[in-house]
Amino acid sequence: MTDLKIILVHLNPISARLSFWIDCSTPQPFGCLPGGLPALTSLIEAEQPQAVTPHPARHLSQLAEYLGVDEALLQVVSPTLAWVDTAQQPVAVSLVRITTTDLPQPQANGTFISLLELLKVPVVERLLFRKAYECLLGD
């Protein structure tokens, strides 16, 4: 069994503006929930691990509570967007979308950022955000 990380995005259905949630509770903001990625994590580009992965739907209530939003607003877009390699084991990364028209203001200590602000997060998370962009809007 592997751990699971979640990337949370907001895609405006009218303008198609894509925003990424980052947690600002630590000196280094991170976008992979919960808790960010461990040091020395790398993106697995080659063959994907054949591990059992929990579906992110079971984590939506905790995510909704963390954000202070209604769970019904959260939609799993990709149960396994990508895999990252950590020192302990491969970890699946899922993509979850918050389905509101306007950008919400969650209660958690964080913010939504645009593509232009991605330098705030670690390199591996930038690569994962790129995969999320491609998943939602194409190449």
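FYI, it's all coordinate maths here, none of it is from the lab. Values in this document were obtained by computation on a predicted structure and should not be read as measured data. When we count neighbours, we look across all protein chains shown, and the Cβ atoms used for this are built from the backbone with ideal geometry, even at glycine.
Could you state the angle between the C-alpha long axis of helix 123-137 and the longest principal axis of the C-alpha atoms of the chain, as a value from 0 to 90 degrees rounded to the nearest 10?
60
Ordered by residue, what ³J(HN,Hα) values in Hz, to whole numbers, does segment 16-21 give under the Karplus form 6.51 cos²θ - 1.76 cosθ + 1.60, where θ = phi - 60° and Gly and Pro are x?
Per residue, the Karplus-derived 3J(HN,Hα) values read 6, 6, 9, 10, 10, 7 Hz.
Rank the residues V52, V9 as a footprinting-exposure proxy: fewest other Cβ atoms within 10 Å of their Cβ go first.
With the sparsest Cβ surroundings first, the list reads V52, V9.
Could you work out how far apart the two model spin labels at L73 and V52 are, taking each label as a point 7 Å from the Cα in the direction of the beta carbon, and quote it in nm?
3.4
Starting from the Cα-Cα distance between Q88 and N12, subtract it from 0.36 nm times their residue separation and give me the gain in nm to one decimal.
23.7 nm
Taking amide hydrogens as modeled 1.01 Å from N in the peptide plane, which residues meet the under 5 Å criterion relative to I6, leaving out close sequence neighbours?
L33, S94
Pick out which of A72, A46, A57 has the largest mean-square fluctuation in a Gaussian network model of the chain, springs linking Cα atoms closer than 10 Å.
Greatest mean-square fluctuation among the candidates belongs to A46.
Rounded, prolate or oblate for the chain? Axes are the square roots of the Cα gyration tensor eigenvalues, ordered a ≥ b ≥ c, and the cut-off for rounded is a/c under 1.5.
Rounded is the answer for the chain, as its axis ratio a/c remains below 1.5.
Which Cα, out of Q105, L37, L74, lies furthest along the positive dipole direction of the chain (beta carbon charges, K/R +1, D/E -1)?
Looking along the dipole axis, the top candidate is Q105.
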